[in-house]
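> This structure is in structure tokens; I'll ask about it shortly.
A short reminder: the numbers here are calculations on the coordinates, not readings from a lab. As the structure is a prediction and not an experimental result, all values here were calculated from the model. With ideal geometry, Cβ positions are generated from the backbone for all residues, glycine too; neighbour counts draw on all protein chains shown.
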Amino acid sequence: MPTPSWLTLLLIVLILIGVAVGRVPGLHMNRASIALVGATLLLLRGALTLTQAFAALDLNTLTLLFAMMIVNVNLRRSGFFGLVSQRVLRWAHTPRQLLALLIGATGLLAALFLNDTIVLMLTPLVVEMTLALRRNPLPYLAALATAANIGSVATITGNPQNMIIGIASGISYVAFGRVLTPVAILGLAATWVVIVLVYRDEFSRTALPTQDASGQNAPPVQPALLRQSLLATAGMLIGFGLGAPIPLCALAAAALLLVLQRGDPEQLFAEVDWALLVFFGGLFMVTGAVEHSGWSAQLFGILEPIAQRGVLSLSAVSVLLSNLISNVPAVLLFRPLIPDFAQPQQAWLTLAMATTLAGNLTLLGSVANLIVAELARGHRVELSFGEYLKTGPLITLLSLSWGIVWLWWVS
């Protein structure tokens with residue numbers, strides 16, 4: 001093991017701070033460019049070699065993420081997400097029912113697909129829908145963000161950090177969902193209760209207007225593409241359930257849709273979030289430098305005695321790191337350490353639960369939160385940091401407490 005370099009550590013810390021903040025003062029850089037430039041600086045520093053950097057890339061996770069993006073692009077183009085929004089409106093008769101249906105639909109979609117993609121698709125629809133119904137959009141936007149994070153905890157494909165954990169741990173899709181789905185369900189219920197209590201005036205017993213607020217921002221439904229997308233998605237989920245390799249199932253679904261699609265493939269690929277893939281690639285190399293420079297062993301020496309004490313202590317450390325450096329970097333830092341824990345499967349599931357639910361603590365806690373806030377601002381609705389704090393911390397406390405109790409009980 002090489003002697004840890006303090007200069008390398010300083011560079012890694014600065015990179016992780018930049019990733020957490022999402023920008024560099026005076027420069028036009030985002031999280032993806034910060035991660036990639038940071039990885040390059042570490043290579044130039046000699047913290048790891050090119051061979052080690054390439055080996056640090058988790059191709060299973062990157063393949064899964066890319067394939068899910070292809071599936072999601074097809075679902076969006078087919079009008080699937082707009083169709084879900086219309087069904088929610090059709091079934092809701094009161095603001096409380098509208099909130100419950102929004103939370104339930106968001107949580108379910110986030111469990112099946114990437115939470116970031118779900119909020120990207122639904123935020124404009126929620127803003128337009130609530131304004132057309134003459135409702136305050138802020139509680140519904142807070143519900144959308146928190147429900148997307150909580151729902152995503154249930155499955156390996158729900159969010160990027162779960163993908164990393166699912167691949168690294170070898171836990172099956174079904175086993176993962178069996179343990180963490182109850183955490184998501186009660187967390188979604190807690191979200192509804194908290195938002196209704198905090199925004200009492202909004203959720204007084206009044207009927208919703210009967211006017212059409214189905215949303216003009218949703219793409220029109222394309223029946224053929226919708227059938228193809230749902231067929232590919234169903235096949236993918238069946239493959240997950242049968243225990244087939246998760247990246248391969250997702251890649252097969254994406255490949256099927258690429259064969260069946262009738263438009264210009266260049267336009268489809270243009271809608272893939274390449275920046276997120278670059279972000280992950282850079283982070284894999286940065287955390288590889290943490291391991292190869294010797295600082296991973298030093299970190300393990302500090303965290304292991306605390307995190308090994310059980311679900312509660314590991315959750316506390318995970319929440320702290322997730323809010324300091326963001327949840328994906330936190331998971332990547334833990335990844336080489338978890339296999340040495342006394343109960344690695346319990347530790348992996350705890351890490352997935354805690355880093356995901358920690359994202360609801362503040363508006364800056366997850367990318368999904370920031371997407372909701374930024375898209376809402378584009379529609380002249382301000383979900384501010386302070387406004388989010390009315391519900392986010394309490395939802396986090398309740399859902400995380402339930403998750404800790406549940407994982408301690410089932411372990």
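> For a footprinting-style exposure proxy, rank H379, H292, H28 by other Cβ within 10 Å, fewest first.
The most exposed by this proxy come first: H28, H379, H292.
> So, one more: Residue by residue through segment 56-70, which ³J(HN,Hα) values in whole Hz follow from phi under the Karplus form 6.51 cos²θ - 1.76 cosθ + 1.60 (θ = phi - 60°), with glycine and proline marked x?
6, 5, 8, 5, 4, 5, 5, 5, 4, 5, 5, 5, 5, 5, 4
> Related question: Tally Lys/Arg at +1 and Asp/Glu at -1 over every other residue whose Cβ is under 13 Å from the Cβ of E271; what's the total?
Net local charge, E271 excluded: -1.
> Sort the following peptides by mean Cβ neighbour count (other Cβ atoms within 10 Å, averaged over residues), highest first: 97-104, 254-261.
Averaged packing, sorted descending, gives the order 97-104, 254-261.
> Additional query: Calculate the FRET efficiency for A275 and T181 from the Cβ-Cβ distance with a Förster distance of 35 Å, rounded to the nearest 0.05.
0.70
> Which one of E266, E382, E202 has the biggest mean-square fluctuation once the chain is modelled by GNM with Cα springs under 10 Å?
E266
> Students often check this: by mean Cβ neighbours within 10 Å, which of 130-140, 47-57, 160-170 ranks highest, and how do the rest follow?
Descending packing order for the listed peptides: 160-170, 130-140, 47-57.
> How far, in nm, would the chain grow between S411 and E374 when pulled straight, counting 0.36 nm per residue and subtracting the alpha carbon separation?
Answer, rounded to one decimal: 9.4 nm.
> Based on the Cβ-Cβ distance from R205 to I238, what FRET efficiency comes out when R0 is 51 Å, to the nearest 0.05?
Result of the calculation: an efficiency of 0.75.
> Tabulate in residue order the Karplus-calculated ³J(HN,Hα) for segment 155-164, using 6.51 cos²θ - 1.76 cosθ + 1.60 with θ = phi - 60°, rounded to whole Hz; enter x for Gly and Pro.
So the J values, rounded to whole Hz, are 9, 5, 8, x, 7, x, 5, 5, 4, 4.
> Can you grab the distance from the C-alpha centre of segment 52-96 to the C-alpha centre of segment 167-202, Å, no decimals?
Distance between centres, Cα-based: 18 Å.
> What shape does segment 274-411 take by its C-alpha gyration tensor, where a ≥ b ≥ c are the square roots of the eigenvalues and a/c under 1.5 counts as rounded, a/b above b/c as prolate, and the rest as oblate?
oblate
> Moving on to the next point. Normalised by the residues of the chain, what does the relative contact order come to in percent, with Cα pairs under 8 Å and at least six apart?
26 percent.
> Would you mind working out the magnitude of the charge dipole of the chain relative to its Cα centre, with +1 at each Lys and Arg C-beta and -1 at each Asp and Glu C-beta, to the nearest 20 Debye?
Charge dipole of the chain: 700 debye, to the nearest 20.
> On to the next question. If I build a Gaussian network model for the chain, linking alpha-carbon pairs within less than 10 angstrom, which residue out of M236, M69, M29 has the largest mean-square fluctuation?
Of M236, M69, M29, the most mobile in the Gaussian network model is M29.
> Based on DSSP H runs of at least 4 residues, each adding -39500 (n - 2.57), what is the mean residue ellipticity at 222 nm of the chain after dividing by all its residues, to the nearest 500 deg cm²/dmol?
-24000 deg cm²/dmol
> Ok, one more. Pull up all non-local amide H partners of V24: gap of 5 or more, or a different chain, and H-to-H distance under 5 Å with H placed in the peptide plane.
Long-range HN contacts for V24: M29.
> When all alpha-carbon pairs of segment 145-197 are counted, what percent fall beyond 12 Å?
For segment 145-197, the fraction of Cα-Cα distances above 12 Å is 62 percent.
> What is the order of I371, I185, fewest Cβ neighbours within 10 Å to most?
With the fewest neighbours first, I371, I185 line up as I185, I371.
> Follow-up question, since we're still on this one. Say R0 is 22 Å: what FRET efficiency, to the nearest 0.05, do E382 and R23 get from their beta-carbon distance?
0.65
> Then there is this: Taking the simple approach of a point 7 Å from Cα along Cα-to-Cβ for both T49 and R309, what is their distance in nm?
Calculated label separation equals 4.2 nm.
> Next question, about the same structure. Which ordering of W91, W6, W192 is given by a fewest-first count of other beta-carbon atoms within 10 Å?
Lowest to highest Cβ neighbour count: W6, W91, W192.
> Taking a cut-off of 26 Å, what percent of all Cα-Cα pairs in the chain are separated by more than that?
In whole percent, the long-distance tail amounts to 53.
> Here is a follow-up. Kindly write out, for segment 233-248 in residue order, the coupling ³J(HN,Hα) from the Karplus curve 6.51 cos²θ - 1.76 cosθ + 1.60 (θ = phi - 60°), rounded to whole Hz, with x marking Gly and Pro.
Residue by residue, segment 233-248 yields 5, 4, x, 4, 5, 5, x, 4, x, 7, x, 5, x, 4, x, 5 Hz.
> Output needed for segment 337-406: three equivalent-ellipsoid semi-axes, defined as square roots of 5 times the C-alpha gyration tensor eigenvalues, in descending order, whole Å.
With the √(5λ) rule applied to segment 337-406, the semi-axes are 31, 13, 7 Å.
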